[in-house]
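Beneath this line is the structure, given in structure tokens, with notes to follow.
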Amino acid sequence: MPLFLDIHRDMEDATPESIREAHLSDLKAQEAFGVKYLKYWYDDRKKTVCCLVEAPNKEACHAVHRHSHGNIADEVISVEHDMIAAFLGGDEVDNVGAAVGAAGEPIGAFRTLMFTDIVGSTALCQRLGDDEMYRLLQVHDQIIREQIQNHGGWDVKHTGDGFLVSFATVSSAVACAQNMQRAFAGHRADHPADPIHISIGMSAGEPISGGADRDLYGSVVNLTARICAQAGQDEIKVAQVVKDLCLGKGFQFESSGTSELKGFSDPIPIYQLVWAPL
């Protein structure tokens, strides 16, 4: 059955209890509409609710909400069934299906993830030498971290020649990716001797967090890394869910077709985010 993510925004009057009651109403009604709710997230800070649901079509998702409580989703997007593990994360749900943390606390853990990578870093190091490469890495890290801070991202970890970054909203993540590429283009124009080019890959879902280093794990992290590997010099490649969540936000995407990615049984649609130097 098709898999959808329905998104309710601006839930100013919502509480964890009211959202739970609404979801229980959906569970009671779902069978009549051929729908199955798998999991939901509630972000109290942003007053947003996301539900992961199997349904015959988008209208069936709306019909359940309309019948149960009248709170229709602002947006329903189709997601790839092969990516279900990326959205479900681990088994961190309560008996109703709410996403919860290790201590059972409600969480809104749906995030947009980004991997960055210096293009040709090994060859660049061999050509420039260790000392010059170290200097370039310092420049690279400063530019990346400045853009992460400017767009409210979380620097999850440094990978040696890139970063894993997490964002609470897809629009801030996409804007950050564009401005990273613009910042490097501007730096190359001002410093022709610094040949730093990066590639960026992005996806969205619910990663698993844990460990003293607060690292992120799970299928969505793996997917983001695979998409980054598909990106070429100065490119930004994204999963379909990122493109779909940017509907109406003014960003432009171009299809890059589908790719067979390691660890994913079906070909994954990939899109290129369009950007231009300022």
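Brief remarks on what is shown
For every residue, the table says whether it meets (1) in contact (Cβ under 8 Å) with a residue 12 or more places away in the chain; (2) farther than 24 Å from GLY250 by Cβ.
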residue	(1), (2)
ASN179	yes, no
ALA183	yes, no
ARG188	no, yes
HIS197	yes, yes
SER203	yes, no
ASP215	yes, yes
VAL221	yes, yes
THR224	yes, no
ALA229	yes, yes
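- Among the residues of segment 112-144, just one is acidic (Asp, Glu) and not in a helix (DSSP H, G or I), namely ASP117.
- Residue check for ILE270: at pLDDT 95 or above, farther than 25 Å from ARG188 by Cβ, under 18 Å from the mean Cα position of the chain (by Cα) and not in a loop (DSSP other than H, G, I, E, B): yes
- Residue in segment 107-124 that is over 24 Å from GLN240 (Cβ atoms) and at pLDDT below 90 present: yes
- Scanning segment 236-267 for residues that are part of a loop (DSSP other than H, G, I, E, B) and charged (D, E, K, R) yields LYS249, GLU260, LYS262, ASP266.
- Selection within segment 240-258: residues that are in contact with a helix residue (DSSP H, G or I) (Cβ under 6 Å, 6 or more places away or on another chain) and at pLDDT 95 or above. The member of this set that is farthest from SER121 (Cα to Cα) is PHE251.
- Residues that are in contact (Cβ under 8 Å) with a residue 40 or more places away in the chain and under 18 Å from ARG226 (Cα atoms), drawn from segment 140-171: VAL156, LYS157, THR159, ASP161, GLY162, PHE163, LEU164, VAL165, SER166
- Contacts under 9 angstrom Cβ, first residue in segment 113-134 being free of Cβ contacts under 8 Å to residues at least 24 places away in the same chain, partner among the small types (Gly, Ala, Ser) and surrounded by 18 or more Cβ atoms within 10 Å (Cβ to Cβ), 6 or more apart: MET133/SER121
- Flag if SER219 is farther than 23 Å from SER121 by Cα and either at pLDDT below 90 or not assigned by TED's automatic domain parsing to the domain that holds THR116 (or both): yes
The values are calculated or read from the model by the stated rules, or taken from the named source; none is laboratory data. What you see is a predicted model; the values in this text were computed from it and never measured. For neighbour counting, all protein chains shown are included, and Cβ atoms are generated from backbone atoms with ideal geometry for every residue, glycine included.
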